[in-house]
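S.K.: Let me give you the structure first, and then I'll get to my questions.
The values are calculated or read from the model by the stated rules, or taken from the named source; none is laboratory data. These numbers come from a predicted model, not from an experiment. No Cβ is skipped: glycine too gets one built from the backbone with ideal geometry, and neighbour counts run over all protein chains shown. Protein only, heavy atoms only, side chains kept; ligands, DNA and RNA dropped before computing areas. Shrake-Rupley method; radii C 1.70, N 1.55, O 1.52, S 1.80 Å.
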Amino acid sequence: MNKFCTNCGHELKPEEKFCPSCGFNTESVKQAKESVSNTQNVNSYQNTNQYQNPNNAAFGNDDITMKNMLAQLSQKNQTNAIIWIVIGALQIIGAIYMFAFYDASIYTLAVMAIGILNIVAGYKDYKYSKELLQRPIAIISRYESMTPIVISLIYNVLFGGLIGVVGNIYELTIRNFVIANREIFQRAENRNF
């Protein structure tokens, strides 16, 4: 079973005590879980009704799972942002090259515009990846529809070249990840961390 940092979501090796990505002490979470477990055992002995709800447990497995899934989704969105920014930059460079050495056609301007749109999309994905960890809202609605991906695919194939297909394929993998884990993301949307 994979182990993830509860602070940033980075995948950890079983023997790692500190996250190599953010430096978080993973042992402190283990100790806190043991402490909470011991406290729950004592309290449940004293008052059997107090700890029936698993949501009362600090560091509950459900919270950790949700945070890990949000961290994974955030990382996937950051990767997607980088892909779109690189694609957009390549499209703009290609348009400048076409403009300088061939002709200044409408097609060249369209390629430039698509490159700019892709960079803006990359920036928005990066911004969303950060907001997602703070306020996990509208995750399902963002990925449920295929329409934005299909539209992006069409304008990238027609005007931006086949390189834009790479970004759309990766975006589809993110969508599949969200849809496959719909229940976890719906619980995350309904919960405050």
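S.K.: Right, ILE82: in contact (Cβ under 8 Å) with a residue 40 or more places away in the chain, open to solvent by 70 Å² or more (accessible area, probe 1.4 Å) and of a type in the set (A, V, I, L, M) or not?
M.R.: On the way: in contact (Cβ under 8 Å) with a residue 40 or more places away in the chain: yes; open to solvent by 70 Å² or more (accessible area, probe 1.4 Å): yes; of a type in the set (A, V, I, L, M): yes.
Yes, satisfied.
S.K.: Moving on to the next point. Evaluate region 178-186: report whether one residue or more is more than 30 Å from SER105 (Cβ to Cβ), open to solvent by 50 Å² or more (accessible area, probe 1.4 Å), among the small types (Gly, Ala, Ser) and within 17 Å of the chain's Cα centre (by Cα).
M.R.: yes
S.K.: With respect to ALA110, is the statement that it is more than 14 Å from GLY160 (Cα to Cα), surrounded by 15 or more Cβ atoms within 10 Å (Cβ to Cβ) and either in contact (Cβ under 8 Å) with a residue 40 or more places away in the chain or touching a Lys or Arg at 6+ places or on another chain (Cβ under 7 Å) (or both) true? Outline the logic, then answer.
M.R.: Working: more than 14 Å from GLY160 (Cα to Cα): no; surrounded by 15 or more Cβ atoms within 10 Å (Cβ to Cβ): yes; either in contact (Cβ under 8 Å) with a residue 40 or more places away in the chain or touching a Lys or Arg at 6+ places or on another chain (Cβ under 7 Å) (or both): yes.
Against the criterion (more than 14 Å from GLY160 (Cα to Cα), surrounded by 15 or more Cβ atoms within 10 Å (Cβ to Cβ) and either in contact (Cβ under 8 Å) with a residue 40 or more places away in the chain or touching a Lys or Arg at 6+ places or on another chain (Cβ under 7 Å) (or both)), ALA110 does not qualify.
S.K.: Continuing with this model, one more query. Which one is farthest from ALA113 (Cα to Cα) among residues in region 159-179 that are touching a residue at least 60 places away in the same chain (Cβ under 8 Å) and either out of contact with any helix residue (DSSP H, G or I) (no Cβ under 6 Å at 6 or more places or on another chain) or not in a helix (DSSP H, G or I) (or both)?
M.R.: Step one: filter region 159-179 for residues touching a residue at least 60 places away in the same chain (Cβ under 8 Å), giving 160-161, 163-164, 166-167, 170-171, 173-174, 177-178.
From what is left, the residues that are either out of contact with any helix residue (DSSP H, G or I) (no Cβ under 6 Å at 6 or more places or on another chain) or not in a helix (DSSP H, G or I) (or both) are 161, 166, 173, 177.
Working: GLY161: 12, VAL166: 18, THR173: 26, PHE177: 30 Å.
Result: PHE177.
S.K.: While we're looking at this one, here's another question. Counting just the residues of region 85-106 that are among the β-branched types (Val, Ile, Thr) and surrounded by 14 or more Cβ atoms within 10 Å (Cβ to Cβ), which one comes out nearest to GLN134 (Cα to Cα)?
M.R.: Of region 85-106, the ones among the β-branched types (Val, Ile, Thr) are 85-87, 92-93, 96, 106.
With surrounded by 14 or more Cβ atoms within 10 Å (Cβ to Cβ) added as a condition, the list becomes 85-87, 92, 96.
Working: ILE85: 23, VAL86: 26, ILE87: 28, ILE92: 33, ILE96: 39 Å.
So, considering only residues that are among the β-branched types (Val, Ile, Thr) and surrounded by 14 or more Cβ atoms within 10 Å (Cβ to Cβ), the one nearest to GLN134 (Cα to Cα) is ILE85.
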